[in-house]
Amino acid sequence: MRLIRCSTGVALAALVAGGAIAQAVPGPSSAPQAPAAGAGRLEPASEQGPTRTAAAEPQFQLSEGIIATVNDQVITSFDLRQRMLMVIAMSQVQPTEENIPAIQQQALNALIEERLQVQEIAKYPDLKISDEEVDEDIARMAEEAGTTPANYIAFLEQGGIRASNMREQLRTEIGWRALVGGRFNSRSKVSRAAVDQAMRQLTEAASKPQYLIGEIYLEAARVGGQQAAMTGAEQLVQQMVQGAPFQAVARQFSAAPSAPRGGDAGWVVQGTVQPALQAALDQLEVGQLSRPIPVEGGVYIVYMRDKRSGAATSLVSLKQVMVELPETASPADLAAATGRLEAIRPQLTCDNMLARSTSEQGLLGSDLGEADVGNLAPQFQQVARTAEVGSISAPVRTPLGVHLLAVCGRRVGGPDAPTFQQVEGRLQNQNLAMLARRYIRDLRADALIELK
């Protein structure tokens, strides 16, 4: 993201004054030609939108006064204008006659939820957000914009956004994150079994096509219905093709859990998304932005950041206990070694296998570490590919002896393969985001909200 004084600044000033808004919209003849699923291409390296020419229309007016109350706490027309300016500045979407209603709806929804958050935070007197914490958030935003905090504030103020309003908005956002984290952190934790299952699913999907995508999701119930979501998505697509940064738009408009990360949904495996999304993923080329994709409950916009055919590498962590036995050993010796290992097999786990091997004469134990299944001895590969994590294999004969193998971990290989900790963190963040959405939905359902 970069500051765009020549276009956004003019538009913000016009919006503050309630007069004409700077924007020139290309006619239908300039629409990009693209495959059915694609609306156009985005330039990943370009963070700054194009310079645009100011026009004399459209007009935007808000009557002065109170426009809504949330549990008797008011939202004024000034509050709404300030939040609309913030949405425009942060997303770099250029205001037009067509998209002003969507911007206004987004800003009003955000203000209503902010009032509910402030009221909920007030119930916890010990939850205080310092000025230093707000300053840190501003510094982070300025760094992302490629400027200093002072210049960042000056840029927003030139567009009519009061620094005090932005600081209070950030104070509420930080407080809400702290409240949600403190209240639901224990409930968002995931079990080892859940992480293991997710890792197994990743491994099973390793050979399937995968897509690195950005996503924007407009929830129909939040924006005034499915048609409103579709219309809003079409306008956002047009803005992004013209130069509005995808990540900035996602942060301001998307209802997906990935919104705080700029819509980064990570690598998606073929067959794990809704059919309408999968059809678009199959058609989109790298660097291409999709047209709006209607699904039940809302509309998606997808940006194809990268594709890959799938990682064939599967990594497995093994431990073993063995009885050394040469290839020339007699059948009786082989039977004795096999019988001894079968006798102790029910008592072994990944945790106690090595200790058990050192406590009995004639047993050798070793941690084989993590290895590519394809690089293992042929006798070990079948166990490594098919045995459940945590299981102990039947005795396996090799030229060196007779072995019991413990499969202590399995994951997808490759430079982008997630670790156990990364998958655990991703699942916990998903749970926390779901609980936060449910929390604000419940607060909204219980609140007395009146629109004037």
| said: Quick check: residue separation of Ala355 and Arg261 times 0.36 nm, minus the Cα distance between them. What number comes out in nm? | reply: 29.3 nm
| What order do you get for 72-79, 154-161 when each peptide is scored by the mean count of other beta carbon atoms within 10 Å, highest first? | 154-161, 72-79
| message | On a straight-distance basis, which lysines could pair with Lys128 in a cross-link, Cα separation under 27 angstrom, same-chain partners fewer than 8 positions away excluded? | response | Lys189
| note | For Lys319, the aspartates and glutamates lying under 15 Å Cα to Cα, once residues fewer than eight places off in the same chain are dropped, come out as Asp351, Asp367, Glu370, Asp372, Glu388
| field | Packing rank of 90-99, 433-442, 384-393, 258-267, where each peptide gets the mean count of other beta carbons within 10 Å, highest leading | value | 90-99, 258-267, 384-393, 433-442
| query | Sorted by packing (mean other beta-carbon atoms within 10 Å per residue), highest first, where do 368-374, 126-132 land? | reply | 368-374, 126-132
| How far is it, in nm, from the label point at Ile344 to the one at Asn151 when both lie 7 Å from their Cα along the line to the Cβ? | 6.8
| field | Cα→Cβ-extended label distance, 7 Å offset, between Lys189 and Leu334, nm | value | 5.0
| request: Identify all lysines with a Cα-Cα distance to Lys307 below 22 Å; exclude those on the same chain that are fewer than 8 residues away in sequence. | output: Lys208
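No lab work stands behind these numbers, since they all come straight from the coordinates. Nothing here was measured: the structure is a model prediction, and the numbers come from that model. Positions of Cβ are backbone-derived with ideal geometry, glycine not excepted, and every protein chain shown enters the neighbour counts.
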